[in-house]
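Worksheet for the structure shown next.
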Amino acid sequence: RRPGKVIFILLSDGEQTSDHLMNREDSDKPYEGKNGYDNLKKLVEEHTNTYNWQFFFLGTNFDSISVGESFGLNKDSCMNYHHSDGGTANALRSCSSAINRVVDGSFEGFTDKDRIDSQNPNVLPSNNKRLKRMNVDSDLN
């Protein structure tokens with residue numbers, strides 16, 4: 001039996017590549033070396049097309065859109081973010097918003113606002129009423 005909806009989020013700083021996986025297990029072997037990207041792309045495409053998984057790829061210090069496409073990901077589901085605590089927080093907030101759009105069936109990709117916010121090195125204030133009540137924004141700043 002398969003889960004109803006899977007959302008897979010990959011964050012990367014670009015340091016580790018599929019040429020050699022750190023902390024690897026034997027099951028990682030098909031995704032290393034010369035054929036690693038091709039095998040990973042086949043796996044991602046199978047899970048996207050057959051099982052309707054949603055993949056997000058967030059990256060800093062490299063072009064996550066072109067790298068994501070090489071993995072078989074839709075470029076609209078890939079986003080760069082600023083290499084900072086604020087950029088990471090903003091990217092995760094944008095990703096959370098995107099997940100809500102996936103759940104309600106309105107996701108068409110990361111928005112321009114998501115992308116702009118994720119490039120900001122400062123933690124942006126939240127419009128989320130629940131986070132404001134919890135005073136999370138002040139904890140992040």
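At a glance:
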quantity	calculated
Selected residue [crowded, with 18+ Cβ neighbours inside 10 Å and in a helix (DSSP H, G or I)] from G72, G68	G68
Odd one out for D114, checked against (1) surrounded by 19 or more Cβ atoms within 10 Å (Cβ to Cβ); (2) touching a residue at least 40 places away in the same chain (Cβ under 8 Å)	(2)
Every residue from the range 32-65 that is open to solvent by less than 60 Å² (accessible area, probe 1.4 Å) and hydroxyl-bearing (S, T, Y)	T48, T60, S64
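The values are calculated or read from the model by the stated rules, or taken from the named source; none is laboratory data. Predicted model only: the values in this text are computed from it and were never measured. Cβ sites come from the backbone with ideal geometry, for glycine too, and all protein chains shown count toward neighbours. Calculation scope for accessible area: heavy atoms of the full protein, side chains included, ligands and nucleic acids excluded. Shrake-Rupley method; radii C 1.70, N 1.55, O 1.52, S 1.80 Å.
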